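A quick write-up on the structure given underneath.
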Amino acid sequence: MEVYTVGSKSFTAVAINTAAKAGEWIKLKLGAHAMLDVKSSAQDLVTEVDRGSESLIRNLIRTHFPTHAFLGEEGVGAGANASVQALKEVSGAEYLWIVDPIDGTTNFVHGFPFFSVSIALAHKGEVIVGVIYDPFHDELFVAEKGKGAYLKGKRMQVSGDAKLSDSLIATGFPAGTTSTLPVNMKGLQALAPKVRNTRVIGSAALHLAYVAAGRLSGFWEIGLNSWDIAAGALLVREAGGEVTDTLGRPYSLPVRHVLATNGRIHRELQLELAAADATGYE
Ligand code: 2AM
Ligand code: CA
(Lines give C-alpha, C1' and ligand atoms only; values in the text may rest on other atoms or scores of the structure.)
(Ligands and ions follow the chains in the order given, each with its own letter.)
Protein backbone atom coordinates (compact mmCIF):
# COMPACT_ATOMS: atom_id res chain seq x y z
CA MET A 1 0.00 0.00 0.00
CA GLU A 2 1.27 3.42 -0.89
CA VAL A 3 2.04 5.69 2.05
CA TYR A 4 -0.09 8.82 1.99
CA THR A 5 1.88 12.04 2.33
CA VAL A 6 0.32 15.44 2.98
CA GLY A 7 1.11 17.88 0.15
CA SER A 8 4.65 19.15 -0.12
CA LYS A 9 5.80 21.48 2.63
CA SER A 10 9.40 22.44 3.17
CA PHE A 11 11.43 20.74 5.87
CA THR A 12 12.08 24.08 7.50
CA ALA A 13 8.42 25.11 7.51
CA VAL A 14 7.49 21.87 9.23
CA ALA A 15 10.30 22.26 11.78
CA ILE A 16 9.19 25.83 12.57
CA ASN A 17 5.48 25.03 12.84
CA THR A 18 6.15 21.99 14.96
CA ALA A 19 8.53 23.76 17.35
CA ALA A 20 6.09 26.68 17.66
CA LYS A 21 3.15 24.41 18.41
CA ALA A 22 5.06 22.32 20.96
CA GLY A 23 6.44 25.48 22.56
CA GLU A 24 3.01 27.06 22.96
CA TRP A 25 1.71 23.90 24.56
CA ILE A 26 4.64 23.71 26.96
CA LYS A 27 4.13 27.32 28.00
CA LEU A 28 0.50 26.58 28.90
CA LYS A 29 1.75 23.85 31.22
CA LEU A 30 4.30 26.04 33.00
CA GLY A 31 3.62 25.82 36.73
CA ALA A 32 0.82 23.32 36.11
CA HIS A 33 2.53 20.04 35.29
CA ALA A 34 1.10 17.11 37.22
CA MET A 35 3.50 14.24 37.27
CA LEU A 36 7.19 14.30 37.96
CA ASP A 37 9.43 11.31 37.42
CA VAL A 38 13.13 10.88 37.83
CA LYS A 39 15.14 9.29 35.06
CA SER A 40 18.68 8.22 35.96
CA SER A 41 18.86 10.03 39.32
CA ALA A 42 16.98 12.44 41.58
CA GLN A 43 18.39 15.31 39.50
CA ASP A 44 17.37 13.87 36.13
CA LEU A 45 13.74 14.96 35.82
CA VAL A 46 11.12 14.13 33.26
CA THR A 47 7.59 15.43 33.31
CA GLU A 48 4.47 14.44 31.42
CA VAL A 49 5.08 17.66 29.55
CA ASP A 50 8.37 16.31 28.13
CA ARG A 51 6.55 13.21 26.97
CA GLY A 52 3.53 15.09 25.64
CA SER A 53 5.69 17.55 23.75
CA GLU A 54 7.70 14.76 22.17
CA SER A 55 4.65 12.82 21.00
CA LEU A 56 3.08 16.01 19.60
CA ILE A 57 6.29 16.69 17.65
CA ARG A 58 6.65 13.10 16.50
CA ASN A 59 3.08 12.94 15.24
CA LEU A 60 3.31 16.22 13.35
CA ILE A 61 6.56 15.26 11.67
CA ARG A 62 5.23 11.82 10.82
CA THR A 63 2.18 13.38 9.20
CA HIS A 64 4.39 15.31 6.80
CA PHE A 65 7.30 12.91 6.38
CA PRO A 66 6.21 9.37 7.26
CA THR A 67 9.36 7.77 5.87
CA HIS A 68 11.81 9.87 7.90
CA ALA A 69 13.56 8.46 10.99
CA PHE A 70 13.05 10.08 14.39
CA LEU A 71 15.28 10.30 17.44
CA GLY A 72 13.83 11.99 20.52
CA GLU A 73 15.06 12.27 24.07
CA GLU A 74 12.02 10.60 25.64
CA GLY A 75 12.21 7.56 23.38
CA VAL A 76 15.63 6.69 24.77
CA GLY A 77 16.55 5.18 28.14
CA ALA A 78 18.63 7.07 30.70
CA GLY A 79 22.39 7.30 30.54
CA ALA A 80 25.14 7.88 28.01
CA ASN A 81 25.25 4.31 26.71
CA ALA A 82 21.58 4.24 25.80
CA SER A 83 21.94 7.55 23.95
CA VAL A 84 25.00 6.45 22.00
CA GLN A 85 23.26 3.20 21.06
CA ALA A 86 20.03 4.96 20.02
CA LEU A 87 21.93 7.31 17.70
CA LYS A 88 23.80 4.36 16.17
CA GLU A 89 20.54 2.59 15.42
CA VAL A 90 19.24 5.44 13.28
CA SER A 91 22.56 6.56 11.82
CA GLY A 92 21.87 4.84 8.48
CA ALA A 93 18.67 6.84 7.88
CA GLU A 94 18.66 9.19 4.91
CA TYR A 95 16.56 11.77 6.77
CA LEU A 96 16.67 11.85 10.55
CA TRP A 97 14.80 14.24 12.85
CA ILE A 98 16.59 14.82 16.16
CA VAL A 99 14.34 16.28 18.82
CA ASP A 100 14.61 17.57 22.36
CA PRO A 101 10.98 18.18 23.43
CA ILE A 102 12.06 20.40 26.35
CA ASP A 103 15.66 21.37 26.74
CA GLY A 104 16.01 22.72 30.25
CA THR A 105 13.52 20.46 32.00
CA THR A 106 14.89 21.37 35.41
CA ASN A 107 14.31 25.07 34.66
CA PHE A 108 10.80 24.26 33.46
CA VAL A 109 9.97 22.38 36.65
CA HIS A 110 11.23 25.25 38.82
CA GLY A 111 9.59 27.97 36.73
CA PHE A 112 13.00 29.42 35.83
CA PRO A 113 12.10 30.85 32.44
CA PHE A 114 14.83 29.42 30.21
CA PHE A 115 13.79 26.31 28.33
CA SER A 116 13.28 25.49 24.69
CA VAL A 117 12.16 23.03 22.06
CA SER A 118 14.99 21.88 19.80
CA ILE A 119 14.35 20.30 16.41
CA ALA A 120 17.02 19.35 13.87
CA LEU A 121 16.85 17.52 10.57
CA ALA A 122 19.93 15.62 9.39
CA HIS A 123 20.42 14.41 5.84
CA LYS A 124 22.90 11.51 5.64
CA GLY A 125 24.30 12.46 9.02
CA GLU A 126 24.65 16.18 8.36
CA VAL A 127 22.33 18.71 9.99
CA ILE A 128 20.51 20.73 7.31
CA VAL A 129 17.78 22.40 9.39
CA GLY A 130 17.94 23.59 12.99
CA VAL A 131 15.12 25.27 14.93
CA ILE A 132 15.15 26.24 18.59
CA TYR A 133 12.05 27.85 20.10
CA ASP A 134 11.95 29.57 23.48
CA PRO A 135 8.21 29.96 24.16
CA PHE A 136 8.57 32.07 27.29
CA HIS A 137 10.42 34.86 25.46
CA ASP A 138 8.77 33.99 22.16
CA GLU A 139 12.10 33.67 20.38
CA LEU A 140 12.39 31.33 17.42
CA PHE A 141 15.89 30.68 16.14
CA VAL A 142 16.09 29.13 12.66
CA ALA A 143 18.99 27.95 10.52
CA GLU A 144 19.18 26.28 7.14
CA LYS A 145 22.43 24.86 5.90
CA GLY A 146 24.07 27.35 3.54
CA LYS A 147 21.32 29.94 4.01
CA GLY A 148 22.17 31.56 7.32
CA ALA A 149 20.60 31.73 10.77
CA TYR A 150 17.68 33.99 11.66
CA LEU A 151 15.83 35.40 14.66
CA LYS A 152 12.57 37.28 14.04
CA GLY A 153 13.43 37.64 10.37
CA LYS A 154 16.82 39.16 11.04
CA ARG A 155 20.04 37.42 10.14
CA MET A 156 22.05 36.43 13.19
CA GLN A 157 25.75 37.07 13.52
CA VAL A 158 28.10 35.75 16.20
CA SER A 159 29.83 38.27 18.47
CA GLY A 160 33.02 40.01 17.43
CA ASP A 161 34.96 39.46 20.66
CA ALA A 162 38.51 38.57 19.72
CA LYS A 163 39.93 37.66 23.12
CA LEU A 164 38.79 35.55 26.04
CA SER A 165 39.20 38.56 28.30
CA ASP A 166 36.41 40.35 26.37
CA SER A 167 34.16 37.28 26.30
CA LEU A 168 30.98 36.19 28.03
CA ILE A 169 31.17 32.40 28.25
CA ALA A 170 28.56 29.82 29.24
CA THR A 171 28.77 26.24 30.37
CA GLY A 172 26.39 23.68 31.83
CA PHE A 173 26.17 21.02 34.46
CA PRO A 174 24.04 18.14 33.19
CA ALA A 175 21.77 16.54 35.77
CA GLY A 176 23.02 13.66 37.85
CA THR A 177 26.61 14.44 37.09
CA THR A 178 28.56 13.16 40.03
CA SER A 179 31.10 11.84 37.53
CA THR A 180 31.46 14.98 35.42
CA LEU A 181 31.23 17.55 38.22
CA PRO A 182 34.98 17.56 39.04
CA VAL A 183 35.77 18.11 35.35
CA ASN A 184 33.21 20.93 35.10
CA MET A 185 34.68 22.61 38.15
CA LYS A 186 38.22 22.41 36.76
CA GLY A 187 37.08 24.09 33.55
CA LEU A 188 35.19 26.81 35.38
CA GLN A 189 38.03 27.42 37.82
CA ALA A 190 40.52 27.83 34.98
CA LEU A 191 38.31 30.01 32.77
CA ALA A 192 36.51 32.29 35.24
CA PRO A 193 39.54 34.52 35.85
CA LYS A 194 40.34 34.72 32.13
CA VAL A 195 36.96 35.73 30.70
CA ARG A 196 34.77 38.79 31.30
CA ASN A 197 32.24 36.58 33.08
CA THR A 198 30.51 33.22 32.98
CA ARG A 199 26.85 32.16 32.77
CA VAL A 200 25.01 28.88 33.37
CA ILE A 201 21.35 29.14 32.34
CA GLY A 202 20.52 25.43 32.17
CA SER A 203 19.57 24.81 28.54
CA ALA A 204 22.33 23.69 26.18
CA ALA A 205 20.15 24.47 23.17
CA LEU A 206 19.55 28.04 24.33
CA HIS A 207 23.25 28.53 25.10
CA LEU A 208 23.99 27.55 21.51
CA ALA A 209 21.25 29.80 20.15
CA TYR A 210 22.70 32.67 22.20
CA VAL A 211 26.18 32.07 20.77
CA ALA A 212 24.61 32.28 17.31
CA ALA A 213 22.82 35.51 18.28
CA GLY A 214 26.05 37.08 19.55
CA ARG A 215 24.77 37.23 23.15
CA LEU A 216 27.42 34.79 24.33
CA SER A 217 30.94 34.62 22.91
CA GLY A 218 31.26 30.90 23.56
CA PHE A 219 29.83 27.84 25.26
CA TRP A 220 31.18 24.48 26.23
CA GLU A 221 29.62 21.53 27.99
CA ILE A 222 30.59 17.91 28.47
CA GLY A 223 28.31 14.86 28.56
CA LEU A 224 25.51 16.13 26.34
CA ASN A 225 23.39 14.11 23.92
CA SER A 226 22.86 14.55 20.20
CA TRP A 227 19.40 16.14 20.70
CA ASP A 228 20.81 18.86 22.98
CA ILE A 229 23.30 19.98 20.34
CA ALA A 230 22.19 19.22 16.76
CA ALA A 231 19.94 22.22 16.01
CA GLY A 232 22.14 24.65 17.93
CA ALA A 233 25.29 23.52 16.16
CA LEU A 234 23.81 24.51 12.80
CA LEU A 235 22.62 27.85 14.20
CA VAL A 236 26.12 28.70 15.40
CA ARG A 237 27.76 27.69 12.14
CA GLU A 238 25.26 29.55 10.00
CA ALA A 239 25.76 32.64 12.14
CA GLY A 240 29.46 32.55 11.34
CA GLY A 241 30.70 30.70 14.44
CA GLU A 242 32.61 27.49 14.98
CA VAL A 243 31.49 24.20 16.53
CA THR A 244 33.83 21.36 17.49
CA ASP A 245 34.23 18.86 20.27
CA THR A 246 36.27 20.01 23.26
CA LEU A 247 39.43 18.67 21.59
CA GLY A 248 38.83 20.90 18.57
CA ARG A 249 37.66 18.17 16.17
CA PRO A 250 34.83 19.04 13.77
CA TYR A 251 31.27 18.65 15.08
CA SER A 252 29.29 15.60 14.07
CA LEU A 253 26.13 14.05 15.51
CA PRO A 254 27.84 11.71 18.01
CA VAL A 255 29.78 14.56 19.72
CA ARG A 256 28.94 14.74 23.45
CA HIS A 257 31.59 17.20 24.70
CA VAL A 258 30.89 20.33 22.71
CA LEU A 259 32.65 23.66 22.19
CA ALA A 260 30.85 26.40 20.24
CA THR A 261 32.15 29.94 19.84
CA ASN A 262 32.22 33.00 17.62
CA GLY A 263 35.29 31.40 15.99
CA ARG A 264 37.70 34.10 17.08
CA ILE A 265 38.15 32.81 20.62
CA HIS A 266 37.76 29.15 19.69
CA ARG A 267 41.40 28.14 19.79
CA GLU A 268 42.12 30.08 22.97
CA LEU A 269 39.16 28.54 24.77
CA GLN A 270 39.99 25.04 23.53
CA LEU A 271 43.59 25.35 24.74
CA GLU A 272 42.46 26.54 28.16
CA LEU A 273 40.09 23.59 28.53
CA ALA A 274 42.84 21.19 27.49
CA ALA A 275 45.39 22.79 29.85
CA ALA A 276 42.88 22.51 32.71
CA ASP A 277 42.23 18.84 31.88
CA ALA A 278 38.57 19.77 31.45
CA THR A 279 37.73 18.45 27.97
CA GLY A 280 35.76 15.50 29.33
CA TYR A 281 38.03 13.10 27.43
CA GLU A 282 40.32 10.75 29.33
P1 2AM B 1 17.43 18.50 29.38
O2 2AM B 1 16.86 19.61 30.14
O3 2AM B 1 16.73 18.22 28.10
O4 2AM B 1 17.66 17.27 30.20
C5 2AM B 1 22.02 21.43 31.28
O6 2AM B 1 23.35 21.41 31.64
C7 2AM B 1 21.85 20.76 29.94
O8 2AM B 1 22.21 19.39 30.03
C9 2AM B 1 20.45 20.79 29.45
O10 2AM B 1 20.49 21.05 28.07
C11 2AM B 1 19.89 19.41 29.76
O12 2AM B 1 18.91 18.96 28.88
C13 2AM B 1 21.12 18.57 29.62
N14 2AM B 1 21.07 17.40 30.48
C15 2AM B 1 20.41 17.27 31.64
N16 2AM B 1 20.61 16.06 32.20
C17 2AM B 1 21.41 15.40 31.37
C18 2AM B 1 21.98 14.09 31.40
N19 2AM B 1 21.76 13.24 32.39
N20 2AM B 1 22.77 13.74 30.36
C21 2AM B 1 23.00 14.61 29.37
N22 2AM B 1 22.50 15.85 29.30
C23 2AM B 1 21.70 16.25 30.27
CA1 CA C 1 18.02 18.33 26.51
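What the table shows:
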item	result
From the options 210, 150, residue that is away from ligand 2 (no atom under 16 Å from the Cβ), touching a strand residue (DSSP E or B) at 6+ places or on another chain (Cβ under 8 Å) and more than 16 Å from residue 227 (Cα to Cα)	150
Residues of the stretch 84-120 classified as away from ligand 2 (no atom under 14 Å from the Cβ) and open to solvent by 40 Å² or more (accessible area, probe 1.4 Å), total	11
First in the stretch 223-237 and within 13 Å of residue 116 (Cβ to Cβ), second anywhere and charged (D, E, K, R), Cβ under 7 Å, 6 or more apart	227/73; 227/100; 228/100; 228/103
Selection count where residues are within 12 Å of ligand 1 (Cβ to nearest atom) and either open to solvent by less than 10 Å² (accessible area, probe 1.4 Å) or among the charged types (D, E, K, R) (or both), scope the stretch 212-223	4
Residues satisfying the stated conditions in the stretch 48-83, i.e. open to solvent by less than 30 Å² (accessible area, probe 1.4 Å) and in a helix (DSSP H, G or I)	49, 50, 52, 53, 54, 57, 61, 83
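The values are calculated or read from the model by the stated rules, or taken from the named source; none is laboratory data. Please read all numbers here as calculations on a predicted model, not as lab measurements. Using ideal geometry, Cβ is built from the backbone for each residue, glycine included, and neighbour counts are taken over all protein chains shown. Accessible surface areas use protein heavy atoms only, side chains included; no ligands, DNA or RNA. Shrake-Rupley method; radii C 1.70, N 1.55, O 1.52, S 1.80 Å.
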